[in-house]
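Just so it is clear, none of the values below were taken in a lab; they were calculated from the coordinates. Keep in mind it's a predicted model, so treat the numbers as computed, not measured. Here Cβ is always computed from backbone atoms with ideal geometry, including for glycine, and neighbour counts include all displayed protein chains.
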Amino acid sequence: MDAAASLSLVSIIITSIFIFINVHFQSSLNYHDHIQNKKVSRTTKSGRKKAINPLISMYILIITFLVGAPVLSVIIKSFFPLNAGRTDNLSITAYTNILNSRQSNFGTTLIHAISNSISFAAYTVILSIIIGTTVSFILKGKKKSVKILDTLFMLPISVSSVILGLGYLKLMNYISNPSRYSSIFIILAHTVIAFPFVTRAVKPVLDKIKPDIIQAGLSLGETPFRVFITIQLPLIKSAIFAGAAFAFAISIGEMNATILLSSERTITIPIMMYRLIGSYNFTAACALGTVLIIFTSFSFLLMDFYGSDSNTGGI
């Protein structure tokens, strides 16, 4: 355990250095792009778009195959169970087993694993929105120290979730009956992993809000909280929905930290899939994988539906 902690520290130091370099060059690139956009004419832009379109189409085609083919194979496999080493006919047995609460797998039911995943993801979304939005406002108000703070808040993105899970596991050793608090530590780990994505979604939109609008609200006698509720929040609503969708997808599919912190009461969909694969029950694992695909896809559909109507006036 001590050797693992030492390796984790080395990994954190290395990733912190590269994150700081990334933040430094990203800010320089943003300034460079801002200057270039002022110099490039509309004609040049339209010509460049025509030249890039074939490359974009090729890229989309390759990504669709690389991502779509595995996803499609998982969905198809879930409907064709193996029987004595041979593939049976089309069947929904794997899905009926999920709904059958009496069928126990590895100490818990499949439906209980789904319930845990949704519950953890819901709490993660709430905490990630609160923390991620707060961090966005902190970074917006800082000028000189923004690179250091940005590096600090980006650290959870690059640090392996295994390291994060190991850290929380070490903390659980100081608690009596740690399995009782397993769900709390899982939610905390998911939140630490997910909130930087909310920050990355909200901060660019927040930076584009004209300061004159905020000052006008304050000059009319509104409190900072009222200005946030009536002016800023409607403008960043779509970004918050985008960050929430990412937080939900990350939480419901997270396994590395969860497997270190979970108990029999807090098994999630990815852990159950891992155990099913280990027992060569690939059909049930694919069925759970399909459920996971449905949940993550639904979260992004909700993001598009509610986030696209956000008012962006004044940005």
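Brief remarks on what is shown
- Distance in nm between pseudo-label sites at Ile293 and Asn177 (7 Å out along the Cβ direction from Cα): 4.2
- Annotation: extensible slack from Val67 through Ile130 equals 19.5 nm (criterion: 0.36 nm per residue apart, minus Cα-Cα distance).
- Simple label model, 7 Å out from Cα along Cβ direction - Ser279 to Ser57, nm: 4.9
- In terms of surrounding Cβ atoms within a 10 Å radius of their Cβ, Glu254, Glu264 rank from fewest to most as Glu264, Glu254.
- Computed label-point distance, nm, for sites Ile76 and Gln215 using a 7 Å Cα→Cβ extension: 6.2
- Applying 1/(1 + (r/R0)^6) with R0 = 22 Å to the Cβ-Cβ distance of Ala122 and Asp304 gives a FRET efficiency near 0.65.
- Footprinting exposure proxy for Asp304, Asp212 (fewest neighbouring C-beta atoms within 10 Å first): Asp212, Asp304
- In the stretch 139-279, lysine pairs closer than 14 Å at Cα, eight or more apart or cross-chain: 8
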